[in-house]
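Data first, discussion second: the structure below is written as structure tokens.
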Amino acid sequence: MTEQSNDLRTASSIIFDQATKLYPGQAQPALDALNLIVDAGELVCLVGPSGGGKTTALMLVNRLVELSSGDIRLGDKSIGSLDAIALRREIGYVIQQTGLFPHMTIAENIGLVPQILGWDKNKIRNRVHELLELVGLTPTADIAKRYPGQLSGGQQQRVGIARALAANPPVMLMDEPFGALDPITRTHVQDEFLALHHEIGKTTLFVTHDIDEAIKMSGRIAILKPGGKLAQYDTPDAILSRPADDFVEKFVGADRGLKRLSLIQVGSMLADSASATGQASATGQSDPGLAGWPRIQHDASARTALSLLLAAETDGVVVTDGGDSAIGAVTLKDLTSIAGSTV
Ligand SMILES: Nc1ncnc2c1ncn2[C@@H]1O[C@H](COP(=O)(O)OP(=O)(O)OP(=O)(O)O)[C@@H](O)[C@H]1O
């Protein structure tokens, strides 16, 4: 482990306490008495329709916008009690447009905050290398010497994340960070960021208008509705299976049953399906009734199982362990009872 990794500061919770923002000249608050606790190390997605107050909520945390009333705390420190510039150094901020300086090299962009903090040149160089590696860019290539315009959109976004992490902030704010990427790059960068989050555990508030991205990325989702009111704050599974009101139900979409299937691994359904179907001992090849059923690994999603089964026109799938031995079966009835329970 490098010196910098040992140096990681502990994550800090973010607490919105009746946080309200009324912009001058506006009749309605952009954010209305928001109460929300993001636990230390947690990744929470903030979603909602355009104008719901998502960006305002983020900019209140780093004081690019000031609260009208209420409070926001990082751990036990009220942000109002801190110097705004010092506060921003405690917070990594990633935005859709990356905010990279076009006339500075990638190394200079990433090293900017450490330089302002007065780190010596060697320490900055090591940190830049470490961060490029961390975000999946090979530091030995000439990437550090290139300018942002010489990188792809996905690479620029990775650099934006590296720069936000440069001074080991305990908190990350991310505003539609992957919104400008094409779908394939976006999926890659999402996967990489999730792995990175598990590795470094920064408290992260992540804004997206895309409910599918939120379901994939977060342990809990906060849904804001017009007027900046919190509609629901819960796990993806709870939001999909028990939307708090009509607004949330409409926002998550008519296919929430299918979305819920994508959260569930088929292996975790085996105990339930055994009692539901009486096929606990299903072993695929040895049971002629199941011989024609497609086989699926236990860690695949229930949604993938449904697709397989529909394509094969069978009544179920055989679930296998890592070594392709059958460990049970899941039927169409099992799958539709999960998807259907939310419709
Ligand atoms: N500087 C400002 N002055 C006045 N009103 C503002 C200002 N910034 C934002 N608003 C208003 O506050 C409300 C919330 O805006 P905000 O940008 O926080 O929403 P959002 O959920 O992030 O929207 P989007 O998804 O479109 O980015 C909107 O009605 C917006 O018009």
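Listing for the model above:
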{"quantity": "Unique match (being crowded, with 19+ Cβ neighbours inside 10 Å and farther than 25 Å from Ser12 by Cβ) among Gln156, Gln97", "calculated": "Gln156"}
{"quantity": "Residues satisfying the stated conditions in the range 274-333, i.e. at pLDDT below 90, part of a helix (DSSP H, G or I) and loosely packed, with under 13 Cβ neighbours inside 10 Å", "calculated": "Ser275, Gln285, Ser286, Pro288, Gly289"}
{"quantity": "Residue under evaluation Ala11, criteria (1) under 20 Å from the mean Cα position of the chain (by Cα); (2) at pLDDT 90 or above; (3) over 30 Å from Ser152 (Cβ atoms), criterion not met", "calculated": "(2)"}
{"quantity": "Tally of residues being among the basic types (Lys, Arg) and over 9 Å from the mean Cα position of the chain (by Cα) across the range 188-219", "calculated": "1"}
{"quantity": "Hits in the range 242-273 (condition: polar (S, T, N, Q) and either touching a Cys at 6+ places or on another chain (Cβ under 8 Å) or modelled with pLDDT under 90 (or both))", "calculated": "Ser262, Ser273"}
{"quantity": "Any hit, the range 231-241, residues being of a type outside the set (D, E, K, R), in contact with a Pro (Cβ under 8 Å, 6 or more places away or on another chain) and touching a residue at least 40 places away in the same chain (Cβ under 8 Å)", "calculated": "no"}
{"quantity": "For Met174: the one exception among (1) in contact (Cβ under 8 Å) with a residue 40 or more places away in the chain; (2) over 18 Å from the mean Cα position of the chain (by Cα)", "calculated": "(2)"}
{"quantity": "Candidate set: the range 107-153, residues that are surrounded by 13 or more Cβ atoms within 10 Å (Cβ to Cβ) and of a type in the set (Gly, Ala, Ser); chosen: the one nearest to Glu90 (Cα to Cα)", "calculated": "Gly111"}
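The values are calculated or read from the model by the stated rules, or taken from the named source; none is laboratory data. None of these values were measured; they are calculated from a predicted model. All Cβ positions, even for glycine, are placed from backbone atoms using ideal geometry, and neighbour counts span all protein chains on display.
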